[in-house]
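The values are calculated or read from the model by the stated rules, or taken from the named source; none is laboratory data. No experiment lies behind these values; they were computed from the predicted model shown. Cβ placement follows ideal geometry from the backbone for every residue including glycine, while neighbour counts extend to all protein chains displayed.
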Amino acid sequence: MSPGHYTELFFLDEATALAAGHRPCCECRREAYRRYWGALQRELRAPMPSNANELDKRLHEERAVPRRFVQRAHTARLSDVPNGAMFGIRGDGPVYLRWRDRFFPWHIGGYGEPLSLSNLPPDHAVAVLTPPTTLSALRGGYEPAVHPTAEG
């Protein structure tokens, strides 16, 4: 990490970065940032942050567990998980990406074959890793870039 410069972050894809609590960069990915911000304005039920710094603070509060090196998960019904969000079914099980209404298991090098989770009822509780603010952007129409293995 270079002091006084942007943080160098590398993720499998944008959906993974969003699940980790990041957002599109407002400088190097300006158009994606504008689409994210616009989707957030359409859907966010809480007061809108006034700028990128406030948005970053909110995302950090939603993802970080104080004094631990783990990410906070939020419980939701499977049917309420929007496309582009990541979730787990059990605390120590695999992580899935919901993409185009299919469920792709996440792996460090890409996504596995989509799984049918039809044996789970739509109201089944899952642990959503994507922070609530970003879930709002996804519900508002923001479509993240995903690794080609999920485009199948």
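Details
- Pair list, Cβ under 6 Å, 6 or more apart: the stretch 18-46 residue small (Gly, Ala, Ser), other residue at pLDDT below 90 and crowded, with 18+ Cβ neighbours inside 10 Å: GLY21/ARG63
Residue-wise test of (1) modelled with pLDDT under 95; (2) part of a helix (DSSP H, G or I).
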| residue | (1), (2) |
| --- | --- |
| GLU27 | yes, no |
| GLU31 | no, yes |
| SER50 | yes, no |
| ASN53 | yes, yes |
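- Residues in the stretch 128-145 that are more than 16 Å from TYR33 (Cα to Cα) and assigned to a loop (DSSP other than H, G, I, E, B): LEU129, THR130, PRO131.
- Which listed residue, of GLY141, GLY109, is surrounded by fewer than 22 Cβ atoms within 10 Å (Cβ to Cβ), at positive phi, out of contact with any Pro (no Cβ under 8 Å at 6 or more places or on another chain) and not polar (S, T, N, Q): GLY141
- Any hit, the stretch 83-96, residues being part of a helix (DSSP H, G or I), out of contact with any Phe, Trp or Tyr (no Cβ under 6 Å at 6 or more places or on another chain) and not hydrophobic (A, V, I, L, M, F, W, C): no
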